[in-house]
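Asker: Take this structure, written in structure tokens, and hold onto it; I'll ask about it next.
The values are calculated or read from the model by the stated rules, or taken from the named source; none is laboratory data. Model, not experiment: these values are computed from the prediction. Note that each Cβ is placed from the backbone with ideal geometry, even for glycine, and that neighbours are counted across all protein chains shown.
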Amino acid sequence: MLRSCTAGLRSIWALRGRREGAPRLSMDLQPARRLFSTEKVIHKDWALPNPSWSKDLKLLFDQFMKKCEDGSWERLPSYKRRSTQESEDFKTYFLDPKLVEEERLSQAQLFTRGFEDGLGFEYVIFKNNDEKRTVCLFQGGPYLQGVPGLLHGGAMATMIDIALGSCTGGAVMTANLNINFKRPVPLCSVVVINSQLDKLEGRKLFLSCNVRSVDEKTLYSEATGLFIKLDPEKSST
Ligand SMILES: CCCCCCCCCCCC(=O)SCCNC(=O)CCNC(=O)[C@H](O)C(C)(C)COP(=O)(O)OP(=O)(O)OC[C@H]1O[C@@H](n2cnc3c(N)ncnc32)[C@H](O)[C@@H]1OP(=O)(O)O
């Protein structure tokens, strides 16, 4: 499995740069300031297929895109940087200019989108607003290895946090995340994270999810999360 993953990656590296919108490899090695001054890179939607996506991931993606046609589901776009409005919302609560330099902040990006195609987190989230649930399709690449041949639990936890967070909306923070890792996830495989909002209690959002294999036969993890809507009266800094 790992050998096919590596072979796949070799062709990905050969292909990238030819793909529209893909930053060239040489450019990615330049200082972050140059990378982030490129509008095309900042505004690129990363939750779309690229050559590193396996057959399973592409197939599931196509199935969910079909479900989007009647409006019951929507694909959530994913950017390296939050929109200006979102950033402003969070800045109000957390950003003490004494703690984070403006120049550093201008380099900030969502760390799950900081890898070359196929090497790290490849994922897309679909949301059903009426049912208050999301489905995240996730393929963890070779740079997310923990135990040899297996996905690192922290990478799984990251995706679970993002998947649960995608059920919330608005300015929220994770207060509690509880994960039961039941089976190890093979590196480069595709998993499906089904998340739902279970309860809303004031500012508290109680969520849960499970992580399964594409054929649904393997239950990899189960998790619950508590997210808190930020209180405009409070600032954490
Ligand atoms: C595709 C796009 C997707 C995009 C989706 C992207 C999602 C990305 C997700 C990334 C999220 C993160 O990484 S977030 C980073 C990791 N998390 C953090 O750093 C959070 C650090 N903690 C905090 O800043 C704070 O504790 C907050 C904001 C969570 C809560 O502070 P607060 O606003 O002052 O609220 P507070 O009064 O303390 O609590 C409100 C109520 O919640 C309860 N409460 C608070 N914390 C807990 C807790 N751990 N366990 C139980 N209960 C708790 C309190 O008892 C209270 O209940 P009651 O008295 O009202 O009953």
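Asker: Where in region 68-150 are there strands (runs of 3 or more DSSP E), lying wholly inside it, with at least 2 residues that are at pLDDT 95 or above and out of contact with any helix residue (DSSP H, G or I) (no Cβ under 8 Å at 6 or more places or on another chain)?
Answerer: Of the strands (runs of 3 or more DSSP E) lying wholly inside region 68-150, those with at least 2 residues that are at pLDDT 95 or above and out of contact with any helix residue (DSSP H, G or I) (no Cβ under 8 Å at 6 or more places or on another chain) span 121-128.
Asker: Out of 142, 148, I need the residue that is without any contact (Cβ under 8 Å) to a residue 40 or more places away in the chain, touching a Leu at 6+ places or on another chain (Cβ under 9 Å) and under 26 Å from residue 217 (Cβ atoms). Which one?
Answerer: Details: 142 fails: without any contact (Cβ under 8 Å) to a residue 40 or more places away in the chain.
After ruling out the rest, the residue left standing is 148.
Asker: I'd like the full set of residues that are more than 16 Å from the chain's Cα centre (by Cα), under 22 Å from residue 147 (Cα atoms), part of a loop (DSSP other than H, G, I, E, B) and of a type outside the set (A, V, I, L, M, F, W, C), limited to region 172-227.
Answerer: Matches in region 172-227: 182, 183, 184, 218.
Asker: So for region 176-185 (the condition being near the ligand (Cβ under 9 Å from one of its atoms) and touching a Ser or Thr at 6+ places or on another chain (Cβ under 9 Å)), does at least one residue qualify?
Answerer: Looking for residues that are near the ligand (Cβ under 9 Å from one of its atoms) and touching a Ser or Thr at 6+ places or on another chain (Cβ under 9 Å), one finds at least one in region 176-185, hence yes.
Asker: Assuming residue 231 fulfils every condition listed in (1) within 24 Å of residue 139 (Cβ to Cβ); (2) of a type in the set (Asp, Glu); (3) assigned to a loop (DSSP other than H, G, I, E, B) apart from one, which condition is it?
Answerer: Going through the list (1) within 24 Å of residue 139 (Cβ to Cβ); (2) of a type in the set (Asp, Glu); (3) assigned to a loop (DSSP other than H, G, I, E, B), residue 231 breaks only (1).
Asker: Follow-up. Considering region 208-232 alone, what residues qualify as being near the ligand (Cβ under 9 Å from one of its atoms) and out of contact with any helix residue (DSSP H, G or I) (no Cβ under 7 Å at 6 or more places or on another chain)?
Answerer: Within region 208-232, 226, 228, 229, 231 meet the criteria.
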